[in-house]
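To start, the structure under review is shown below, and the notes come after it.
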Amino acid sequence: MASSGTHKQLKRVNALVERAAREPSTASVRREAFQELIELAHSSQPSLKSYAAGHIHVFFNDFPDLEEDAINAVYDLCEDQDSKVRMEGYHAVTKVSSVQHKWVKRNADVLVQLLQSDEPEEVAVVKAALLEHLDMDPPITLGVLCDQIVPPGENPDDDERQTRERLRSLVLSFLATDAMSAIQKYTDPPGSEAEHILVAQLILAISRLNTDDVDVIVKDILLRLPCSRDSFRGDELLQVILNKVATLLQTRSNDPAQLKVALHYLSVAQMTTVDFHATPAIKLLQFYISSLTRKLVLQKFPPEDRIQLISWIVDALFTSERESATHAQIAQLRRQVIDASSILLEVLFDSKLYKDDLWRSVKRILHTIKTRKELENWTLPPYLIASMSKFLQVLSGVQTQEDASEVQGLIRLLAGEQPSSSKVPIQEASPIVKNGIPPEWPAHLPPRPVTSPPPMPTKLDLPLWPAPIRDNASRHHHVASAPTSPKRTGSAPEDVPQPKRVKMNPGGQDIPTPSLLSRIAAAGDASSSGQSDRSGKRRKKRPGKDLSSPEPDRHPSTGYSIKGAASAQRNGNVLLNRMGREDSG
């Protein structure tokens, strides 16, 4: 009976709608049909509700005063208990938006909320409805979708927060999968309003979201846009990510969870710049240099993460060198990386994880050092050579891979050409020979190696009287009294006298050398006349032990003596005095 009544009612309403559709928009019959449909939306019969959902849009634009009642009736259909009626309501929302674009934003917002449905069939209808709204007005629809992604400024209660987080995940998934083709279509060529709204909102959302959501936004949405190859706002995206990393690194805590999050965000930044080239890598490299080249910071991370970080630093440098940056800017950044390379190599060595990733990083660091050395004629500091050379200890006893073998050659090349300052040999200066006699080797230097046997003394060279043994005091007094003898080479025996030098007076005249008999006589006269013991001791000095130096800039073979110098100062030129006495005698 109810089914028969419903059928009659449906037949009557259908006839009214068909007649009203043929009438002008201002006809009363159209208004009557529109009101009848609004009432059917609240009927208890699913068939009548479904009919209303499919025809409300026909008269929606004719009567603005009834629009609000009509749209509320459609929304009620979307929440009906019957699944078929709900899906008819989803279609009705799309039809209303198609005839009246001012409702696109509001209807799209309703459809976004409906993504939370537990029925897969209904979700598919909702997604299709959203895609149709995206076709109708891309900027408005994308803006509505992004509104559900950006967290609110206020702090919601737990229930609202959970609802928003679930809805955000659904919206991101919709954008990254179902809607991506449409998004790519409406953001190509770059520079459209839809692109601006989408990119700006998503970058804003990144600063407030967790790692999972950031991954979807960057990897699955932003980097797949056509604008990511040209006019993409990659610098803004990179800066937002680096700000999150900087906040995590500024904490003094070594919390592994926080460090893991920071590493994750750095991986996103690395992918954005080095892998996808969405923005120049120079900005990322500058961040690495300022924040991640300190040993204390790197040591916060686990060993395997340290290797990964250093690998990213080197990759960012190589990418920056290939990009269109100025030569001066790249050179400056290269110097900064090389200045920190000793720390990077030390951290890699201390990790003890000698695998392919480590050898690859070491090899690229060494190539960077080699490049600076060749381009700038740069000299490697000893501490850097020491850091490099540590790896030779590992490489010498291990079956190495290709990268490791290259590392071994680079280290030997760079370290071999730059000896350590503590082991630099002092180049020996060639002795200056005067009058065929080499200078005496200074006492404060190690003995000169003997290259040839010393000459054997002849009878004429040997002393004619025995050399008495004298104490230290007599040797000091002897400095100014004994005849001056030329210097000996470092290889000559100490007891063998050297050829005597011809003495000259201040006027350039030769001074006659006293004969042996005259000197013996002079010595006897001085002894018998009661001269001081000190003078006698001075005359008894043999020429082979003369410590005076005819050239004041030479070093005495036995060192300097304060007593000997004082004696020389008091006596003046003793040789001239003695000769004067001998002449007068």
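The values are calculated or read from the model by the stated rules, or taken from the named source; none is laboratory data. Model, not experiment: these values are computed from the prediction. In case anyone asks, the SASA skips ligands and DNA or RNA and just uses the protein heavy atoms, side chains included. Shrake-Rupley method; radii C 1.70, N 1.55, O 1.52, S 1.80 Å.
Things worth noting here:
- Accessible carbon and sulfur surface of the range 30-144 relative to its total accessible area, %, 1.4 Å: 47
- Accessible-area ranking of R31, R22, R412, largest first, probe 1.4 Å: R22, R412, R31
- For the range 29-68, a Kirkwood hydrodynamic radius built from all Cα pairs, placed in the Stokes-Einstein relation at 10 °C and 1.306 mPa s, yields a translational diffusion coefficient of 157 µm²/s.
- Accessible surface for the range 180-275, divided over its residues, is 44 Å² per residue with a 1.4 Å probe.
- Overall shape of the range 132-232 was characterised from the C-alpha gyration tensor. The equivalent ellipsoid obtained from it has semi-axes of 23, 14, 12 Å, in decreasing order.
- Relative contact order of the range 206-290, pairs being alpha-carbon contacts under 8 Å that are 6 or more residues apart, as %: 34
- Cα convex hull, the range 266-385: 99 Å³ per residue, rounded to a whole number.
- Area projected by the alpha carbon convex hull of the range 24-152, averaged over all directions, nm²: 8.2
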